[in-house]
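Asker: Dumping the structure here so I can ask a few things about it.
The values are calculated or read from the model by the stated rules, or taken from the named source; none is laboratory data. Because the structure is a prediction, the values reported are computed rather than measured. A quick note on method: Cβ atoms are made from the backbone with ideal geometry, for glycine too, and the neighbour counts reach across all protein chains shown.
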Amino acid sequence: MSDPNEVLGQLLSPAQAVSLDATGRQVWTTAAAALQSLQGAAPELAGLDGRLVMPDEITGQFARPHLAIPLELSTNQDQSATAYLVIETATAAAYLESQADNPDDEEQQTIVIASTVLGQVLQSLNTGVFARSDAGLVVAIDDITASSMPAILQALDDPCLLLTGTLSGAHELPLTFVLPGTFLDIMAGAMEGAVGPASSESGAPASTFSLGLTQEELEAAELLDVEIPSEPPASFAPPEPHPLAAPLREPTPIGPAASRARFAPLAEAPAPTARSGIDLLAGLQMNVTVELGRTELTVSEVLGLGPGSVIELDRLAGEPVDILVNDRLIARGEVVVVDENFGIRVVEVVRRGVEQEERVG
């Protein structure tokens, strides 16, 4: 296994470290503001720690049931890479206050709530942080899968930065980020110069979040002939180490706060002592799609389509149609007519495992 200093030299240059550090601070500031809008309370991120690893070194850390959330990065220069956010299923269900009655439904409900919350956070990041990049940087969530990190890590051969921390709210949610070197390299290049020095005037919740590394670690990377300036850049002044995570630096929030989300009014009921995770998301918009069927056509067949052409689908007339929420199959139904408009009557709710088997089939 490679020496950590050698891996560091392959992952980062001093300029990349500065860019990632500034980006990491802005990412946390904006994400915290978005979470505060959704949850009604300022979140805290404690105990953040980071280390460089090879993927096959950490497969044993993900033996417990968990959700693997792919974070896909892309630019207008045809660059792309994927990092992963990992949360344990049981603690995520408690943090998001899932109200399902059995484990199968709890997992599916937690996936839906987590994808909705993270979708809102990423929307704030894309518009408030990554939009400043000249490279057209965008980060999106791919399909969330259950207990799949060991298999994902086996397929990776890129050195990774492993970040761990705990998000605090009504409950605590341990977080693990697996950030491959390619992901960090593209992020650093795309955000170089896009975020300025930290400002102390922001009112966002304070916490520690940094993708950068210490000057001592950067100097150690000289083992691979990485040129290190004798003096740090003029704009870079390493702050004092944080007591919870010595290698990391204290944040100074910057940038605009995310817009506050608006929720639909709750039905009249006795005022609860705390709002549930589902109540907090009641006003969020979700895309619902009804799929009649699918088929495959050759290029020549597509070019030959015109008025009057008929495309035959892979579904018999009268069969239930698929109901998708945010492009995820959740139910099936039958087509009905409601006041001269088409509608769908739900006849079956699809469990998570069934959906995956059918998609593969």
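Asker: What pairs come up if the first residue lies in the range 125-144 and is under 27 Å from Ile330 (Cα atoms), the second is of a type in the set (A, V, I, L, M) and part of a loop (DSSP other than H, G, I, E, B), and their beta carbons are under 6 Å apart, counting only those six or more places apart or on different chains?
Answerer: Every condition considered, no pair remains.
Asker: In the range 120-133, is there at least one residue being over 17 Å from the mean Cα position of the chain (by Cα), part of a loop (DSSP other than H, G, I, E, B) and not basic (Lys, Arg)? First the steps, then the outcome.
Answerer: Within the range 120-133, the first condition is being over 17 Å from the mean Cα position of the chain (by Cα), and the residues that meet it are 132-133.
In the following step, the residues that additionally are part of a loop (DSSP other than H, G, I, E, B) were identified as 133.
Within this subset, residues satisfying the condition of being not basic (Lys, Arg) are 133.
Looking for residues that are over 17 Å from the mean Cα position of the chain (by Cα), part of a loop (DSSP other than H, G, I, E, B) and not basic (Lys, Arg), one finds at least one in the range 120-133, hence yes.
Asker: Give Ile330, Ile323, Ile344, Ile311 a once-over and let me know the one that is assigned to a loop (DSSP other than H, G, I, E, B) and either modelled with pLDDT of 85 or more or surrounded by 10 or more Cβ atoms within 10 Å (Cβ to Cβ) (or both). Write out each step before concluding.
Answerer: Numbers: Ile330 fails: assigned to a loop (DSSP other than H, G, I, E, B); Ile323 fails: assigned to a loop (DSSP other than H, G, I, E, B); Ile344 fails: assigned to a loop (DSSP other than H, G, I, E, B).
Every option except Ile311 fails the conditions.
Asker: Determine whether Val112 is closer than 22 Å to Ile330 by Cα and within 19 Å of the chain's Cα centre (by Cα).
Answerer: Numbers: closer than 22 Å to Ile330 by Cα: yes; within 19 Å of the chain's Cα centre (by Cα): yes.
Yes.
Asker: Given (1) in a loop (DSSP other than H, G, I, E, B); (2) touching an Asp or Glu at 6+ places or on another chain (Cβ under 9 Å); (3) at pLDDT below 85, where does Gly353 come up short, assuming only one miss?
Answerer: (1)
Asker: If you don't mind, another one. Checking the structure you have, find out if any residue of the range 94-101 is more than 24 Å from Leu329 (Cβ to Cβ), modelled with pLDDT of 90 or more, under 19 Å from the mean Cα position of the chain (by Cα) and not in a loop (DSSP other than H, G, I, E, B).
Answerer: No: the range 94-101 contains no residue that is more than 24 Å from Leu329 (Cβ to Cβ), modelled with pLDDT of 90 or more, under 19 Å from the mean Cα position of the chain (by Cα) and not in a loop (DSSP other than H, G, I, E, B).
Asker: Still on this model: Go through the range 283-331 and give me each residue that's among the β-branched types (Val, Ile, Thr), free of Cβ contacts under 8 Å to residues at least 12 places away in the same chain and under 25 Å from Gly343 (Cβ atoms).
Answerer: The first filter runs over the range 283-331 and keeps only residues among the β-branched types (Val, Ile, Thr), leaving 288-290, 295, 298-299, 302, 310-311, 321, 323, 325, 330.
Then drop every residue that is not free of Cβ contacts under 8 Å to residues at least 12 places away in the same chain, which leaves 298-299, 302, 310.
Passing the criteria: only Val310.
Asker: Of all residues being part of a strand (DSSP E or B) and either among the charged types (D, E, K, R) or more than 18 Å from the chain's Cα centre (by Cα) (or both) in the range 68-93, which is surrounded by the most Cβ atoms within 10 Å (Cβ to Cβ)? Just the residue, please.
Answerer: Just the residues of the range 68-93 that are part of a strand (DSSP E or B), to begin with: 68-74, 80-88.
This time we only want the ones that are either among the charged types (D, E, K, R) or more than 18 Å from the chain's Cα centre (by Cα) (or both), so: 72, 88.
Working: Glu72: 14, Glu88: 19.
Ranking the candidates gives Glu88 first.
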